[in-house]
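*Asks:* My structure is below; once you've seen it, I'll send some questions.
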Amino acid sequence: MIAFRHKTLNAVASFAAAFGAFATATPGMAQTASEPAETRHAPSSSAAVPSWQANDDDFLFLQLVIENFKLTYDVRGYQTDRGICLDLADVIQSLDLPIRIDKQSRRATGWLFAEDQQFTLDRAAGTVQNVNTGRAPVSEDIYDTPEGWCVDTDALSQWFGLTFRPDLYNAIVRLESDEDLPFMQAIERRSRAARLRTRPAQFDLSQYPSADMEYRAWRTPSLDVVAQAGVRTGEGSQSGAEGRVELYAAGEAVGASYFARIATDDQLNPQTVRLRAYRNAPEGGLLGPLDATQVAIGDVETIPGRLTGQTAIGRGAFVTNRPLGQSSRFSTTTLRGTLPGGWDAELYRNGQLLAFQDDRGDGRYEFIDVELYFGRNELEVVLYGPQGQIRRDKTSVPIGFNQIEPGETYYWAGILQDNRDLFDLGTGIQLGPQKWRWGVGVERGLDQRTSARLGVQSLYFDGARRRYAEGAVMRSLGAVQLELAAAHEFGAGSVAEANALGRIGRFNFGANALVSFGDFTSEFAEGSIDYRAGFNFDTSLALGKISLPLQADISHTKQKDGSEVNELLMTTSVTAGRFALSAQLSHQQRTASPSTPASTDTRIRLLANSRFKDFRVRGNATFLTSGPDKGLESATVRLDTDFGENAELQGQLDYTARVDEFRLTAGYTRRFEEFSLRGDAFVTSTGGIGASVQLAFSLGPDPVSGGVRVTNNKLARSGQAAVTVFRDDNGNARRDPGEDVLRDVQVEAGLRSTDAITGENGRAIVDDLRPFRPVLVGIDEASLDDPFLAPSNKGVVLTPRPGIVAQIELPISPTGEVEGTILNASGVQQPGVRVELVDNRGAVVAQTLSEFDGFFLFQRVPYGQYRVIISEESATALKVAAPLQMPDGRRVFTLNRHQDVVRFGTIRLIPENSPNAPIESGPVIAAVRPD
């Protein structure tokens, strides 16, 4: 009984729970706290040791779904050599199971969905015992990962008596059960309660303290350096010695962020110089009354129109108050970013591999008009570096949800010179006409389901200066979102388009129709089009244990010259274990016209990604199935394997049919703490041969020594945090004289563990933080040796800026307990009441349920000021006042070294309309110490 009354909040699971609640708007179930999870002990020698090891490539973040309900808390997991494993602490948290994970004894004990369904997992003995399996060996069912114990889904299904069925395409795990389990009943109750509310509760990072960084007149920049030298022969004009250098710097000057990129050609001649000065503020407030979220000057990017101008890049200026990262078009989006020399990029949507891009020499990756579907679109660009680096840039684009509140107005304005860097070095390289363009747009929320936008643009296209005005209205109708858009080109013609996106069950669909009037032409609607209509769909077919996603896009276009164009694009992918294959079929059929003959073009493109033991394999191939040149157009196969923790061997074979050439490349990378070094050699079937060496490192300010830090991490492209962990003996969340720092404490950033562990000075540096995306930086509780210490709060919210080091202090506090017994208004012990512990900022820091005898307990509560209240849901159901007060009438209390246990005693609930009901007064301002 004591083991399940004394419930301690699991830090790892609570991070996943908090961010899972933020990521889903579907009401879910409540959470009871669980004990800290084992995260770092090696498997016992008595148990089999799985050969697979956790790595970033295999990491998953999934949502649990049962019937039509989504559970509140998402779970972390991995794609292993046997299938999918899920973090056990996250699963326990999500299913609200009274199971305690003890890292000292390496055991998990408790019960499943009823008290007679006892559950015991013994890692030391290598066995699991429960009502569903009896006593059974664990075998290779559990993997030790940075997050904790990751358990194979087949084993979870056997242990818990319900089926865990992963669906990686939809980023979910479907739970199937023939019985109505307690957590399912809780979901249904909360779903009914949520329908009574006007808006579902959202996770809010504002409930945590923030580390504000004021802009300064100068902050020392971070600098990424890539230098390459080589020689080649048998390559015609490209033969001879070559060298290339790329510098990328990011910092702050004159109260603004900036980045600068300087790159040379293969002969060390300066080729590009790009510079942007900007301010990004997710909360707005820039430029006074303009309340902008983004202001930029230099090399900038504009927002596309709906039917007129595409997104463009060049030297100019840009300002907007739109939320950072929000899609500006109805059913497509464009992703651009920095691509260092020698890197390549892959694009994924909801875990499905969509596209691939090699280094094209301009330092950018670009995926234009990526199709979006109704619901959640999780887009991820994975960058692969020549030294084995992997960088991930994730963007979530929801469609069908209100993206602008009623009465809100968003605007944007920009002017730039197309494809022209801020500084022209006279290299003669010119990508299209470098003409000026400008545009202005506004969008306003009319009600919860409707918004409207207007815009004007002027640009140079198809040999002439063109000026446009356009407008659009968007409306959500249940599971369907509609858009009506129109544009007019002054002195030419007009165009109108209707779009619809929707979902029926697991079937996503879209439909569109466009009609052109007069001589309208733009970057989105060619002047030769008379009308166009199309339909697309996206679904996932369940084939046994395999989920087969299928997308298709069909369109018919009537040209003004009388010809017709029929197009078909189909995409599917298969994920089986650690193998992923994506196939794309494109077909275009054009009828004859007076000026052009009939033609047919059919292509098949394959993208593959897999892991075989210690080898990672990626490949792509394009086939032309019609015309005189039908056959294989190009193919690439790339093989990587690790040599220990800091070395990698890579081989790549390319074939290009146009020149009938094979190219074999081999490379070896060695990563040191300060830099990465790579050597490459290649040979071609046409007689070419060459070799090169590449050096990559980063320089940045060292917040520990005050000097310069040299590292192989990309400091200029990401944010950094210098974290100091200290023992907060007086519970004031500030480091006072005499309070010691703590060593060997691991720092968490968001949902993932990091390799940042505090040293003798109590400090650790966290790298690779995504810029301008708020992240919760906290402590991994499992790394604390003293069980009576706990983080004073869940962490500090930081909004990183590229190239900049943020200073953060994280307090670790001694802990105490708060307990009491709840009686109803009649004086009878009241079980099942949700009790909340509220800190002096008004944030709920812990929750628990009163037991069968009305007893409640908060254990391991950090020192500080608190009050105890009944949750809004429980207070409404029982029709009682939410605040609880001690027998002497006080509601505010302080835990400290003098009083580390607070006993409320018996508390009788007071009817909400009683004149004696206490009044909720908000956050605590002054400290009140109990006698």
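The values are calculated or read from the model by the stated rules, or taken from the named source; none is laboratory data. Please read all numbers here as calculations on a predicted model, not as lab measurements. Using ideal geometry, Cβ is built from the backbone for each residue, glycine included, and neighbour counts are taken over all protein chains shown. Remember, those area values only see protein heavy atoms, side chains included, never the ligands or the DNA or RNA. Shrake-Rupley method; radii C 1.70, N 1.55, O 1.52, S 1.80 Å.
*Asks:* Which of the numbered conditions does A296 fail, given that it passes all the others? Conditions: (1) in a strand (DSSP E or B); (2) open to solvent by 10 Å² or more (accessible area, probe 1.4 Å).
*Replies:* All conditions pass for A296, except number (2).
*Asks:* Turning to a different aspect of this structure: If only one of V725, V745 is touching a Gly at 6+ places or on another chain (Cβ under 7 Å), more than 18 Å from K394 (Cβ to Cβ) and at pLDDT 90 or above, which one is it? First the steps, then the outcome.
*Replies:* Numbers: V745 fails: touching a Gly at 6+ places or on another chain (Cβ under 7 Å).
Of the residues listed, the single one that is touching a Gly at 6+ places or on another chain (Cβ under 7 Å), more than 18 Å from K394 (Cβ to Cβ) and at pLDDT 90 or above is V725.
*Asks:* Taking A533 as meeting all but one of (1) touching a residue at least 12 places away in the same chain (Cβ under 8 Å); (2) closer than 24 Å to R165 by Cβ, write down the number of the exception.
*Replies:* Exception for A533: condition (2).
*Asks:* While we're on this one: Give the residues of segment 233-292 that are polar (S, T, N, Q) and within 30 Å of D702 (Cα to Cα), sorted by residue number.
*Replies:* Scanning segment 233-292 gives S257, T264, T272, N280.
*Asks:* Wholly within segment 77-129, which strands (runs of 3 or more DSSP E) include no fewer than the required count, namely at least 1 residues that are open to solvent by 20 Å² or more (accessible area, probe 1.4 Å) and modelled with pLDDT of 85 or more? Give the steps one after another, and end with the answer.
*Replies:* Working: elements: 84-87, 99-102, 107-111, 118-122.
In segment 77-129, the matching strands (runs of 3 or more DSSP E) lie at 107-111, 118-122.
*Asks:* Then there is this: Given the structure, is Q481 of a type outside the set (D, E), open to solvent by less than 40 Å² (accessible area, probe 1.4 Å), under 30 Å from R503 (Cα atoms) and under 30 Å from the mean Cα position of the chain (by Cα)?
*Replies:* Details: of a type outside the set (D, E): yes; open to solvent by less than 40 Å² (accessible area, probe 1.4 Å): yes; under 30 Å from R503 (Cα atoms): yes; under 30 Å from the mean Cα position of the chain (by Cα): yes.
Criteria met by Q481.
*Asks:* Are any residues in segment 261-273 surrounded by fewer than 20 Cβ atoms within 10 Å (Cβ to Cβ) and either over 18 Å from G316 (Cβ atoms) or modelled with pLDDT of 95 or more (or both), and if so, which ones? Don't jump to the end; show me each part of the working.
*Replies:* Taking segment 261-273 and keeping what is surrounded by fewer than 20 Cβ atoms within 10 Å (Cβ to Cβ), we get 262, 264-270, 273.
Result: I262, T264, D265, D266, Q267, L268, N269, P270.
*Asks:* Another one. Anything in segment 678-708 that is within 19 Å of V231 (Cα to Cα) and assigned to a loop (DSSP other than H, G, I, E, B)? List them, or say none.
*Replies:* S685, T686, G687, G688, listed by residue number.
*Asks:* Of the residues R743, R717, only one is open to solvent by 10 Å² or more (accessible area, probe 1.4 Å), under 26 Å from Y863 (Cβ atoms), part of a loop (DSSP other than H, G, I, E, B) and basic (K, R); which? Don't jump to the end; show me each part of the working.
*Replies:* Numbers: R717 fails: under 26 Å from Y863 (Cβ atoms).
Matching residue, one of R743, R717: R743.
*Asks:* Would you call R244 touching an Asp or Glu at 6+ places or on another chain (Cβ under 6 Å), modelled with pLDDT under 95 and either open to solvent by 40 Å² or more (accessible area, probe 1.4 Å) or on the phi > 0 side of the Ramachandran plot (or both)?
*Replies:* Working: touching an Asp or Glu at 6+ places or on another chain (Cβ under 6 Å): yes; modelled with pLDDT under 95: yes; either open to solvent by 40 Å² or more (accessible area, probe 1.4 Å) or on the phi > 0 side of the Ramachandran plot (or both): yes.
So R244 fits the description; yes.
*Asks:* Going through L353, L347, L324 one at a time, which residue ends up being modelled with pLDDT of 75 or more and either closer than 23 Å to S573 by Cα or buried (at least 21 other Cβ atoms within 10 Å of the Cβ) (or both)? Give the derivation first.
*Replies:* Details: L353 fails: modelled with pLDDT of 75 or more; L324 fails: either closer than 23 Å to S573 by Cα or buried (at least 21 other Cβ atoms within 10 Å of the Cβ) (or both).
Only one candidate qualifies: L347.
*Asks:* Quick one: in segment 654-671, which of the residues that are within 19 Å of W343 (Cβ to Cβ) and not hydroxyl-bearing (S, T, Y) is farthest from the chain's Cα centre (by Cα)? It would help to see each step written out before you state the result.
*Replies:* Of segment 654-671, the ones within 19 Å of W343 (Cβ to Cβ) are 654, 663, 665-671.
Adding the requirement that they be not hydroxyl-bearing (S, T, Y) leaves 654, 663, 666-667, 670-671.
Numbers: D654: 32, R663: 36, A666: 33, G667: 31, R670: 29, R671: 27 Å.
The qualifying residue farthest from the chain's Cα centre (by Cα) is R663.
*Asks:* In segment 130-145, which residues are at pLDDT below 85 and surrounded by 15 or more Cβ atoms within 10 Å (Cβ to Cβ)?
*Replies:* Of all residues in segment 130-145, those at pLDDT below 85 come to 130-140.
Passing the criteria: N130, V131, N132, T133, A136, V138, E140.
*Asks:* Might you check whether a residue that is more than 30 Å from A413 (Cβ to Cβ) and open to solvent by less than 60 Å² (accessible area, probe 1.4 Å) occurs anywhere in segment 466-477?
*Replies:* At the first step, the residues of segment 466-477 found to be more than 30 Å from A413 (Cβ to Cβ) are 477.
Among the residues that remain, those that are also open to solvent by less than 60 Å² (accessible area, probe 1.4 Å) are: none.
No; the residues of segment 466-477 include none that is more than 30 Å from A413 (Cβ to Cβ) and open to solvent by less than 60 Å² (accessible area, probe 1.4 Å).
Condition check ((1) aliphatic (A, V, I, L, M); (2) open to solvent by less than 30 Å² (accessible area, probe 1.4 Å); (3) modelled with pLDDT under 90; (4) not in a strand (DSSP E or B)) across all residues:
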| site | (1), (2), (3), (4) |
| --- | --- |
| E739 | no, yes, no, yes |
| K794 | no, no, yes, yes |
| Q807 | no, no, no, no |
| G816 | no, yes, no, no |
| E819 | no, no, no, no |
| G832 | no, no, yes, yes |
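*Asks:* Out of V845, V838, V868, which single residue is of a type in the set (V, I, T), assigned to a strand (DSSP E or B), at pLDDT below 90 and in contact with a Pro (Cβ under 9 Å, 6 or more places away or on another chain)?
*Replies:* On the way: V838 fails: at pLDDT below 90; V868 fails: at pLDDT below 90.
Just one listed residue meets the conditions, V845.
*Asks:* Quick test for you: out of L275, L335, L307, pick the one residue that is among the hydrophobic types (A, V, I, L, M, F, W, C) and assigned to a loop (DSSP other than H, G, I, E, B). Don't jump to the end; show me each part of the working.
*Replies:* Numbers: L275 fails: assigned to a loop (DSSP other than H, G, I, E, B); L335 fails: assigned to a loop (DSSP other than H, G, I, E, B).
Result of the check over L275, L335, L307: L307.
*Asks:* If you go through segment 148-162 one residue at a time, how many are assigned to a helix (DSSP H, G or I) and either at pLDDT below 90 or over 16 Å from T109 (Cα atoms) (or both)?
*Replies:* From segment 148-162, those assigned to a helix (DSSP H, G or I) are 153-160; that's our starting set.
Within this subset, residues satisfying the condition of being either at pLDDT below 90 or over 16 Å from T109 (Cα atoms) (or both) are 153-155, 157-160.
Going through segment 148-162 one residue at a time, the tally reaches 7.
*Asks:* When you scan segment 543-571, how many residues do you find that are surrounded by fewer than 18 Cβ atoms within 10 Å (Cβ to Cβ), in contact (Cβ under 8 Å) with a residue 24 or more places away in the chain and either closer than 15 Å to Y169 by Cα or among the β-branched types (V, I, T) (or both)?
*Replies:* Residues that pass the stated criteria total 4.
*Asks:* Among the residues of segment 585-618, count how many are closer than 15 Å to G562 by Cα and outside any loop (DSSP other than H, G, I, E, B). Spell out the reasoning first.
*Replies:* Kept after step one, since they are closer than 15 Å to G562 by Cα, are these residues of segment 585-618: 589-599.
Remaining after also requiring outside any loop (DSSP other than H, G, I, E, B): 589-590, 599.
Total satisfying the criteria: 3.
*Asks:* Would you say R276 is out of contact with any His (no Cβ under 9 Å at 6 or more places or on another chain) and open to solvent by less than 20 Å² (accessible area, probe 1.4 Å)?
*Replies:* On the way: out of contact with any His (no Cβ under 9 Å at 6 or more places or on another chain): yes; open to solvent by less than 20 Å² (accessible area, probe 1.4 Å): no.
Spelling it out, it is not the case that R276 is out of contact with any His (no Cβ under 9 Å at 6 or more places or on another chain) and open to solvent by less than 20 Å² (accessible area, probe 1.4 Å).
*Asks:* Just checking, does segment 629-637 include any residue being surrounded by 16 or more Cβ atoms within 10 Å (Cβ to Cβ), within 30 Å of R670 (Cα to Cα) and of a type outside the set (V, I, T)?
*Replies:* As a first pass, look at segment 629-637 and keep what is surrounded by 16 or more Cβ atoms within 10 Å (Cβ to Cβ): 633, 635-636.
In the following step, the residues that additionally are within 30 Å of R670 (Cα to Cα) were identified as 635-636.
Add one more test, that the residue is of a type outside the set (V, I, T), and what stays is 635.
Yes, segment 629-637 contains a residue that is surrounded by 16 or more Cβ atoms within 10 Å (Cβ to Cβ), within 30 Å of R670 (Cα to Cα) and of a type outside the set (V, I, T).
*Asks:* Where residues in segment 406-420 are farther than 16 Å from T293 by Cα and not hydrophobic (A, V, I, L, M, F, W, C), which of them is modelled with the highest pLDDT? Before the answer, list the steps.
*Replies:* Restricting attention to segment 406-420, the residues satisfying the condition of being farther than 16 Å from T293 by Cα are 406-407, 415-420.
Those still in the list that are not hydrophobic (A, V, I, L, M, F, W, C) too: 406-407, 417-420.
Working: P406: 88, G407: 91, Q417: 94, D418: 91, N419: 86, R420: 88.
Here the answer is Q417.
*Asks:* Could I ask something else about it? Given the criterion over 30 Å from Y258 (Cβ atoms) and under 33 Å from the mean Cα position of the chain (by Cα), identify the matching residue among A691, A621, A721. Quick ask: steps written out before the conclusion?
*Replies:* Values: A691 fails: under 33 Å from the mean Cα position of the chain (by Cα); A721 fails: over 30 Å from Y258 (Cβ atoms).
Step by step, each of A691, A621, A721 is checked, and only A621 is over 30 Å from Y258 (Cβ atoms) and under 33 Å from the mean Cα position of the chain (by Cα).
*Asks:* Please go through (1) hydrophobic (A, V, I, L, M, F, W, C); (2) crowded, with 17+ Cβ neighbours inside 10 Å; (3) free of Cβ contacts under 8 Å to residues at least 60 places away in the same chain for L607 and return the number of the only condition it doesn't satisfy.
*Replies:* Tallying (1) hydrophobic (A, V, I, L, M, F, W, C); (2) crowded, with 17+ Cβ neighbours inside 10 Å; (3) free of Cβ contacts under 8 Å to residues at least 60 places away in the same chain, L607 fails exactly one: (3).
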